[in-house]
1. Between a residue in the stretch B:109-138 that is more than 13 Å from every other protein chain (Cβ to nearest Cβ) and any residue that is surrounded by fewer than 12 Cβ atoms within 10 Å (Cβ to Cβ), which pairs come within a Cβ distance under 6 Å, given they are 6 or more apart or on different chains?
2. Determine which member of the set B:237, B:257, B:225, B:214 is part of a helix (DSSP H, G or I), more than 24 Å from residue B:117 (Cβ to Cβ) and within 14 Å of chain A (Cβ to nearest Cβ).
3. For the stretch B:9-58, which residues satisfy the criterion of being in a strand (DSSP E or B) and in contact with a Phe, Trp or Tyr (Cβ under 8 Å, 6 or more places away or on another chain)?
4. Taking only the stretch B:7-39 into account, find how many residues are of a type in the set (Ser, Thr, Tyr), without any contact (Cβ under 8 Å) to a residue 24 or more places away in the chain and either more than 9 Å from chain A (Cβ to nearest Cβ) or surrounded by 17 or more Cβ atoms within 10 Å (Cβ to Cβ) (or both).
5. Taking the stretch A:41-75 on its own, how many of its residues are hydrophobic (A, V, I, L, M, F, W, C), modelled with pLDDT of 95 or more and either touching a Cys at 6+ places or on another chain (Cβ under 7 Å) or exposed (fewer than 13 other Cβ atoms within 10 Å of the Cβ) (or both)?
6. Kindly list, by first and then second residue, each pair from a residue in the stretch A:106-124 that is on the phi > 0 side of the Ramachandran plot to a residue that is assigned to a helix (DSSP H, G or I) and surrounded by fewer than 20 Cβ atoms within 10 Å (Cβ to Cβ), limited to pairs with Cβ atoms under 9 Å and residues at least 6 apart or on different chains.
7. With a cut-off of at least 3 residues that are within 20 Å of the chain's Cα centre (by Cα), name the helices (runs of 4 or more DSSP H) lying wholly within the stretch A:86-204.
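The values are calculated or read from the model by the stated rules, or taken from the named source; none is laboratory data. What you see is a predicted model; the values in this text were computed from it and never measured. All Cβ positions, glycine included, derive from the backbone under ideal geometry; neighbour counts span all protein chains shown.
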Amino acid sequence: MAGGLLQFLAACGLPGTRDTGAPADFDWAAWWKDQKSNGTLDFASWPLYIDSAGGRHPSLDKFTAATGINVNYRPVIQDNASFFSQISPVLQAEQGIGYDLIVISNGWQLTQLMQNRWLIPLDHSRLPNFKKYAGTVATDLAYDPHVTYCAVWQAGVTAIAYDEDQTGPIDSLDALFDPKWKGKVGMLSDNDELGTVGLLALGIDPQTSTYADWKKAAALLTKQRDDGIVRQYYDNSYIKALQDGDLAISQAYSGDIFQANASGYPNLKFVIPKQGAVLWRDNSVIPLHAENPVDALEWINFYYRPDIQALIADWVNYVSPVPAAKPIVAGKLDDPSVANSPLVFPSEADLKRLSEYPVTETIETHDQWTSLFDPIIQS
Amino acid sequence: MRSRIVPYLQSAPATLWLAIFFVVPLVSIASISLMTGNSIEGYDLTWNFGVYPDAIDQYSAQLLRSFLYGGVSTALALIAMYPVAYWIAFRGGKRKSLFLFLLLLPFLVSFIIRILTWQFILSDEGLVLGTLKDIGLVGENAHVLSTPFAVITGLTYDALPWMALPIYVALEKIDRNLVEAANDLYASGWQQFRRVILPLSAPGVYAGILLVGISNIGDYLSAQILGGPSTTMIGNIIQTQYVQNGDYPVASALSLILMAALLLCVFVYAWVFGTRTIQEYA
């Protein structure tokens, strides 16, 4: 029996994901013409990533009131890789994943979703609000240059945070490599974040970086670890370590520090260092085989309305894709600390100082990247 | 004729269970480990046996570390729990079940919460270090989290009941008349323990070591939550390769290497200490 199984496996191997998506020449314009709203939307997102009040989500309630579409909101996504590993076998089997809209960060998983053509291209004719209100955060995407698939949900900055009581003011990535903070430096365990900060510290533009640059960054980061400067490579738990005083300085996400400041940790400061920082986006995308694609588009169009975006931005405190929401947060919602925060509504000048992760277009370049940076994180 | 078939028929459910839930997955993993390719193009079985030496070469540090941490934590759990099990079995009196329940009580809380609590206890300004720093016993920059010590602490703590229970069962089964006879023959307390109780409890110790050792060597959560840059265990590597990188061949090869190494340890252990104890326990 084992022999038979072996022969069976030898014959077919494990199939890849290529050719399990939509045909390259599929006529999406004609397809969209035939689609109608079904009055339901299955929406998968991340925990604590939408406005909440008394267990309800006012923006979603307003959406249902305005359109009659009921939203099943499911904050089930904890991180990109594990969510992708859940949905990819289903998409590979050419079946629907049960969601009409998912929120996923730019990175290797999103690249795979696009390259496998596992996403439905947006019908921009049904997104007038996007056209009217989307800022450059949502329209200037290196990973999706023609905004074919991705409607930015929120964006954020990965830079550094420090405990001012311990360190005093800091404005340079050099502090991450300073032996003075030996054992008190936190780095992120996401290899995109780690590698990119290495490139920035060397003054290399991540987006035009080459394999040779990546090797230099890996050498710098390896030395940082071997010198005992890095305490740990953290997932989101870095924020707890900063709050507990375990860290003096850490790579950090903008929204986390904003929320920590508001919840009793004013000593934590977030700074975009002089070498620059990374702007990432979490994108709403419509997975292939979605049952209610029109309802998904309706919701995208709805949340690009400045008054709705103001509700969301005022609650989640990440970078909003709709600059026109700023006066509403300041005025009607009376929350100037959010409205005037460069971390929620960055100026165009701020945005110019930010770059994206290097886009690894092929699995070969992706393997090059991971095989350089994974061994640093997991040594 | 009939009598010859019956035993096979009776064992059929167990055989089937093993075939479906053990043999088939094992053969699949073995064949996946020999494939080459990637998640987009797919994987073909190319009998790439080179994956094994490559994986051992690349991850030898994490493999050895897993056995070191697993071994140390198992030994610590044994040293900590043998006296506890002994006390409950011989001195517990009428309240034995209450004591056993108390032993298990913390473990009704989810595993993740317990490990996270250790993170809280061991943090730099936490219960232990904060106090020690305040009274000046340790330096301001001392830290325990993110060190091998923290990982081994987590592993040991989580192993406590799994070590205590089998030892307790073995001690409980000891015929008290044997201990009394040793006493009548003028054996001292220590001699009674050394010559009578300890040998008779060996099957429990053996079961406890196997139970704890195997799960601790393959553990990855303690290292992930309590560890630092150089405390990665082989379980962490397997998880990253499988979930994050979709590198199924390397993940499968590492799983099999770990399994083979564990089996080897069990055989060496049985060879040194004898298999009699296992059979007795069964």
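1. Hits for this filter: zero, empty list.
2. Details: B:257 fails: within 14 Å of chain A (Cβ to nearest Cβ); B:225 fails: more than 24 Å from residue B:117 (Cβ to Cβ); B:214 fails: within 14 Å of chain A (Cβ to nearest Cβ).
Every option except B:237 fails the conditions.
3. Step one: list which residues in the stretch B:9-58 are in a strand (DSSP E or B), which gives B:35-38, B:42-45.
If the condition is that a residue be in a strand (DSSP E or B) and in contact with a Phe, Trp or Tyr (Cβ under 8 Å, 6 or more places away or on another chain), then B:35, B:36, B:37, B:43 are the ones that fit.
4. At the first step, the residues of the stretch B:7-39 found to be of a type in the set (Ser, Thr, Tyr) are B:8, B:11, B:15, B:28, B:31, B:33, B:36, B:39.
Still in the running and without any contact (Cβ under 8 Å) to a residue 24 or more places away in the chain: B:8, B:11, B:15, B:28, B:31.
Next, only the ones that are either more than 9 Å from chain A (Cβ to nearest Cβ) or surrounded by 17 or more Cβ atoms within 10 Å (Cβ to Cβ) (or both) stay: B:8, B:11, B:15, B:31.
Result for the stretch B:7-39: 4.
5. Residues in the stretch A:41-75 being hydrophobic (A, V, I, L, M, F, W, C), modelled with pLDDT of 95 or more and either touching a Cys at 6+ places or on another chain (Cβ under 7 Å) or exposed (fewer than 13 other Cβ atoms within 10 Å of the Cβ) (or both): 2 in total.
6. Close Cβ pairs satisfying both conditions: A:107/A:81.
7. Values: elements: A:108-115, A:128-133, A:136-139, A:164-167, A:191-201.
So the answer is A:108-115, A:136-139, A:191-201.
Okay, residues lined up against (1) of a type in the set (A, V, I, L, M); (2) surrounded by fewer than 21 Cβ atoms within 10 Å (Cβ to Cβ); (3) touching a residue at least 60 places away in the same chain (Cβ under 8 Å); (4) out of contact with any Leu (no Cβ under 6 Å at 6 or more places or on another chain):
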| residue | (1), (2), (3), (4) |
| --- | --- |
| B:227 | no, no, yes, yes |
| B:232 | no, no, yes, yes |
| B:238 | yes, no, no, no |
| B:248 | no, yes, yes, yes |
| B:251 | yes, no, no, yes |
| B:255 | no, no, yes, yes |
| B:262 | yes, yes, no, yes |
| B:266 | yes, yes, no, yes |
| B:269 | no, yes, yes, yes |
